[in-house]
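To keep things clear, I will list the structure first and then write my remarks on it.
The values are calculated or read from the model by the stated rules, or taken from the named source; none is laboratory data. Being a predicted model, the structure only gives us computed values, none of them experimental. We work out accessible area using only protein heavy atoms, side chains counted, and drop any ligands, DNA or RNA first. Shrake-Rupley method; radii C 1.70, N 1.55, O 1.52, S 1.80 Å.
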Amino acid sequence: MHGLILFLLAASCASLGGDHPRSIALTFDDLPVAPHSLTFNEAKRTTDKLLAALKPAGSPAVAFVNESKLEVPGETDRRLSLLRAWVDGGHELGNHTYSHPDLNTTPLLNFQSDILRGERLTRPMMRSAGKQLRWFRHPFTHTGPTQQIKFNLELFLKRKGYRVAPFTIENSDWLFSKVWLDAVHRGDQETAARIKDAYLDFNDIMFGWFERLSVETFSRDIPQVLLLHANPLNAEVLPEMLARIRARGYRFVSLDEAMSDSVYETRDGYVGKEGPSYIHRWAVTRGLPNRLRDEPDPPAWVSQRSRAQDSTAAAR
Ligand SMILES: [Zn+2]
């Protein structure tokens, strides 16, 4: 009798994905919101929707702040309250520098002072919630164009008590959000809906790509870390996106839990001007071919819209 029950239990566990269901940690960049040009009401709506969508995920996200974005005349306190909402929601803030400089073009000393300037408000805010500010993510995920810059910055971050937050999956959300927001502001609902669908489909494509790359690099599924931006498009689609991620067999975990897997002890052996997923970086470390060139691109019509938007803006 007991044997039969155990067998049935084992069979039902197997149908749910066995002992090792996939796991993923969620991270958000460019807080309080991207783009910086959003009105306070748009920023508030974006924050509220993101936080509401994250609640059922049941695990804390890490959200990376650019404090320069708080400095909107007459709105600093209100914009600061958006960060407080993330902390109150059980999430953790990280440092994404003060003004989002590019390490490829910024002298290291200036970059380092931008990091310190970027913790003036978030560090005390985390402390008041009984937590430490401990995560750092490089703007554009550019970790250093030369070995020397990369090494010296790593040393600086370690001395300041920061741990670099890697990411393994990204989906060009900033590009889709840029063209989606333009369509919404023009009242073009049809195009906005098309972009939204294309974004969710592209997210599926990127999950498939990075899952295959994980197996190619480590011969197994690995706990993933998703990089998203705190933007209005993600606020709009997050419930649907998280449902699709769940349907692939994932459960949501904290960044700490994802990074407790031994994969995250792999050295980041990539040096260069791009900011690729850590799976690419680890593949380089392990002497495997760099597959960055094979990575799927967003649909051409979306990129074309983005370029057209840039040239219209430049002509103004
Ligand atoms: Zn960023």
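Trp301 contributes an accessible area of around 80 Å² to the protein surface, as traced by a 1.4 Å probe with all chains present.
Taking the inverse of the mean 1/r over every pair of distinct Cα atoms in the chain gives a Kirkwood hydrodynamic radius of 20.7 Å. 3J(HN,Hα) couplings calculated from phi for region 81-94 with the Karplus curve 6.51 cos²θ - 1.76 cosθ + 1.60 (θ = phi - 60°) are, in sequence order, 5, 5, 5, 4, 4, 5, 5, 4, x, x, 8, 10, 8, x Hz; Gly and Pro show x. Entry comment: accessible area of the chain is 48 Å² per residue, from protein heavy atoms only and a probe of 1.4 Å. Centre-to-centre separation between the Cα atoms of region 21-44 and those of region 293-316: 21 Å. For Val87, the accessible surface of its heavy atoms amounts to roughly 10 Å² (probe 1.4 Å, protein chains only, rounded to the nearest 10). The accessible area of Arg137, taken with all protein chains in place and a 1.4 Å probe, comes to roughly 0 Å². Largest accessible area first, the listed residues Glu295, Glu190, Glu67 line up as Glu190, Glu295, Glu67 when surface is computed with a 1.4 Å probe on the assembled protein chains. Once you order the gyration tensor axes a ≥ b ≥ c over the Cα atoms, which shape class does region 75-228 get: rounded for a/c under 1.5, otherwise prolate or oblate by comparing a/b with b/c? Judged from the Cα gyration tensor, region 75-228 comes out oblate (a/c at least 1.5, b/c at or above a/b). Counting protein heavy atoms only, the chain has 54 percent of its accessible area on carbon and sulfur, 1.4 angstrom probe. Residues Phe40, Phe136, sorted by accessible area with the largest first, give Phe40, Phe136 [1.4 Å probe; ligands and nucleic acids excluded]. Shape analysis of region 263-309 places it in the prolate category; the axes a ≥ b ≥ c from the Cα gyration tensor give an a/c of at least 1.5, with a/b above b/c.
Taking a ≥ b ≥ c as the square roots of the eigenvalues of the alpha carbon gyration tensor, region 213-316 is oblate, as a/c is not under 1.5 and a/b does not beat b/c. Remark: for residue pairs Lys69/Lys160; Lys49/Lys196; Lys178/Lys273; Lys44/Lys69, the C-alpha separation exceeds 18 Å in Lys69/Lys160; Lys178/Lys273.
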